[in-house]
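No value in this document is a laboratory result; all are computed from the given coordinates. Remember, it's a predicted structure, so these values are computed and weren't measured experimentally. Heads up, the Cβs are rebuilt from the backbone with ideal geometry, glycines too, and the neighbour counts pull from every protein chain shown.
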Amino acid sequence: MALLQERQAAYVAEHPPAKPWLVPLLEWFIRAGDELLFTPPKETSQPKRRTKPPRTYRSAASLRDERARLIAQRAPLLEPISPDRAASGGVALGPKRTARMQRREDSRLQKYVALTRRIDSLTNRIERAEIRERKASGGGGGS
């Protein structure tokens, strides 16, 4: 490496570059026979693959707590915004108020559906966690 840098410095001294950052590459100064000066590094064994830490699972109790919290969060979404269903359907309201009421209902429905999906997912995860915990405690398991 030092030899190549010396050759590069000598070339730059003889032929100054038009711009200071335009220096020739070191590869340009490799000559025939330079491979005899090179000693390859000793072969080392490949580093061992990094082992992943064991996967951690949430307990069934913590999943149940989260599901209960989401069920409580979903409960008020079942109650209508306006007790007068005719008014929320557009009767006796102007078109702007009707559109606003329907947007609110649509938004609530989207939130309700998203929470229901999350609750269903948690229910499935709770079942798997209970099976996993039964197996871990030596109670067997499976269905």
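Where is the GNM fluctuation largest for the chain (alpha-carbon springs, 10 angstrom cutoff): Arg67, Arg49, Arg97?
Arg49
Would you work out the charge dipole size for the chain about its Cα centre, treating the Cβ of every Lys and Arg as +1 and the Cβ of every Asp and Glu as -1, and quote it to the nearest 20 debye?
1160 debye
With the Cα gyration tensor of the chain giving a ≥ b ≥ c as the square roots of its eigenvalues, does the rule (a/c under 1.5 for rounded; else a/b larger than b/c for prolate; else oblate) give rounded, prolate or oblate?
Cα axes put the chain in the oblate bin.
Could you check the spin-label model distance between Gln5 and Leu77? Points 7 Å from the Cα along Cα→Cβ, value in nm.
Rounded to a tenth, the inter-label distance reads 6.5 nm.
So what's the gap between the Cα centers of the range 57-75 and the range 31-48, to the nearest angstrom?
60 Å
Pull out a ≥ b ≥ c, the square roots of the eigenvalues of the alpha-carbon gyration tensor of the range 10-60, then state rounded if a/c is under 1.5, prolate if not and a/b is larger than b/c, and oblate in the remaining case. All intermediate terms of the calculation are to be shown ahead of the outcome.
Numbers: a/c = 8.96, a/b = 2.21, b/c = 4.06.
Oblate is the answer for the range 10-60, as a/c is 1.5 or above yet b/c matches or exceeds a/b.
Of Gln73, Gln46, Gln102, which has the largest mean-square fluctuation in a 10 Å C-alpha GNM of the chain?
Gln46
Please name which of Pro41, Ala9, Leu115 has its Cα lying farthest along the dipole of the chain towards the positive end, using unit charges on Cβ (Lys, Arg +1; Asp, Glu -1) and the Cα centre as origin.
Farthest along the dipole direction, towards plus: Leu115.
Counting other C-beta atoms within 10 Å, and keeping those with at most 14, which DSSP coil trypsin sites (Lys or Arg not before Pro) do you find in the range 1-48?
Sparse-neighbourhood loop trypsin sites (Lys or Arg not before Pro): Arg31, Lys42, Lys48.
For the ranges 123-133, 10-20, what's the packing order if you count other beta-carbon atoms within 10 Å of each residue, average per peptide, and put the highest first?
123-133, 10-20
Residue by residue, what Karplus-based ³J(HN,Hα) values in Hz, rounded to whole numbers, does the range 104-116 have, using 6.51, -1.76 and 1.60 with θ = phi - 60° and x for Gly and Pro?
Listing the rounded values in order: 5, 5, 5, 5, 5, 5, 4, 5, 4, 5, 4, 5, 5 Hz.
What length, rounded to one decimal in nm, is gained on full extension from Ala114 through to Lys135, with 0.36 nm per residue of separation minus their alpha-carbon distance?
Values: separation 21, 0.36 × 21 = 7.56 nm, distance 3.18 nm.
In short, 4.4 nm is gained.
Per residue of the range 6-16, in order, report the coupling 6.51 cos²θ - 1.76 cosθ + 1.60 (Karplus, θ = phi - 60°) as ³J(HN,Hα) in whole Hz, putting x for Gly and Pro.
5, 4, 5, 5, 5, 5, 5, 5, 6, 10, x
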